[in-house]
1. Quick check on segment 169-194: of everything there that is assigned to a helix (DSSP H, G or I) and free of Cβ contacts under 8 Å to residues at least 40 places away in the same chain, which residue is farthest from residue 358 (Cα to Cα)?
2. Could you check segment 25-57 and list, in sequence order, the residues that are surrounded by 18 or more Cβ atoms within 10 Å (Cβ to Cβ) and more than 13 Å from the ligand (Cβ to nearest atom)?
3. Taking segment 281-322 as the region of interest, how many residues are within 13 Å of the ligand (Cβ to nearest atom), without any contact (Cβ under 8 Å) to a residue 60 or more places away in the chain and in contact with a helix residue (DSSP H, G or I) (Cβ under 6 Å, 6 or more places away or on another chain)?
4. Checking residue 343 against (1) at pLDDT 95 or above; (2) in the same structural domain as residue 359 (by TED's automatic domain parsing); (3) within 30 Å of residue 119 (Cβ to Cβ), which single condition isn't satisfied?
5. Which of the numbered conditions does residue 249 fail, given that it passes all the others? Conditions: (1) buried (at least 17 other Cβ atoms within 10 Å of the Cβ); (2) over 27 Å from residue 153 (Cα atoms).
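The values are calculated or read from the model by the stated rules, or taken from the named source; none is laboratory data. Only a predicted model underlies this, so the values are computations on that prediction, with no experimental measurement involved. A quick note on method: Cβ atoms are made from the backbone with ideal geometry, for glycine too, and the neighbour counts reach across all protein chains shown.
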Ligand SMILES: Cc1cc2nc3c(=O)[nH]c(=O)nc-3n(C[C@H](O)[C@H](O)[C@H](O)COP(=O)(O)OP(=O)(O)OC[C@H]3O[C@@H](n4cnc5c(N)ncnc54)[C@H](O)[C@@H]3O)c2cc1C
């Protein structure tokens, strides 16, 4: 079994984790990573934070240095785009840096292709100065457009849009965020948090336009303004952050089951028992939330990567995690645990005015999720409370003076 040949499609967080965990488990067979990017696997979170602001260089983003892959005998083929999976012959067709199509065989295949930004369907959306943000290459282009720029328009008030707004404002641009929904972060959090971030960004000078749709992008070769339902906004740089779509076409085309993501079971096995999948591209059953979910988070990519490695080694350990995520904007560290969908009650602990508070979400008396702003201890504790389905004294929870460890009944 150890002599199996593993091929991993994708060179991101999940892919790197599968390869690393396999070697940690003393897997001695061949491991090949095919990545369409030209960089070694890297962390994406800093792309909209310290890498965009210039505080980190690209080498610091790498998850492992090049020598690690050499020492671990992990063959990374950068600039290799997988075109198709031939399940009958257990092989892949890929095109490499300038080379013609090549073929590679596998015993087990791992699809860890992540997501791709949702494109905006407007004329002129390919003008110079209009950008998406997913990769190092995207940030390099954004940095070029930032040179001499004065006015940035961000389409979409989600995490990435707001993180970019914080960086752009800090380096002195005029920043406008245009959000179609009635509040920013609407898809992911409660009105309490949306309103806090709205006010905080405004206090820094960011203009936020909610319930506003973008109807057009103007310019000749380069963007000059953005047409919205509330008027025209000058822009010499536009960032589109309107969500992502799972990269699942390879799975779809070879007949592996998909929904809103590549469907896997609790062991990260797809509908083909020789094919596994991990990270942002998967739709997996959540034991805790009792439904299929697709997550876009580092934690999920790492943990599913470990699950895939265990499953390949035939040590079947079910994936059973409470999701968590973070977002850094200005000096605010926002940490999210669990999913707050369908909550029927919430408790606010601490004070938004002091930029340090937490919101805990409940359903049928059980904590299902938390949003913590500059409250790391509350975040860590809430992950335990959620996972353990702890019974909680709500009055104590609401009182910031009482240690969070004392809220369990
Ligand atoms: C700007 C930004 C900020 C973020 N901030 C946070 C944060 O603060 N906290 C957090 O938890 N998460 C954050 N995330 C999300 C996090 O980075 C992702 O959840 C994580 O990278 C998912 O890892 P992955 O391996 O599934 O996918 P990815 O890291 O996207 O890797 C997928 C790889 O597959 C490659 N690929 C796709 N198709 C093919 C193909 N056909 N052939 C070959 N290669 C292919 C892609 O090029 C890519 O290299 C952020 C993401 C972005 C973009």
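1. The selected residue is 169.
2. 27, 31
3. The qualifying residues number 1.
4. In the conditions (1) at pLDDT 95 or above; (2) in the same structural domain as residue 359 (by TED's automatic domain parsing); (3) within 30 Å of residue 119 (Cβ to Cβ), residue 343 misses (3) alone.
5. Status for residue 249: all satisfied but (1).
Each row is one residue, and each column tells you yes or no for (1) at positive phi; (2) exposed (fewer than 15 other Cβ atoms within 10 Å of the Cβ).
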| position | (1), (2) |
| --- | --- |
| 320 | no, yes |
| 326 | no, no |
| 358 | no, no |
| 374 | yes, no |
| 395 | no, yes |
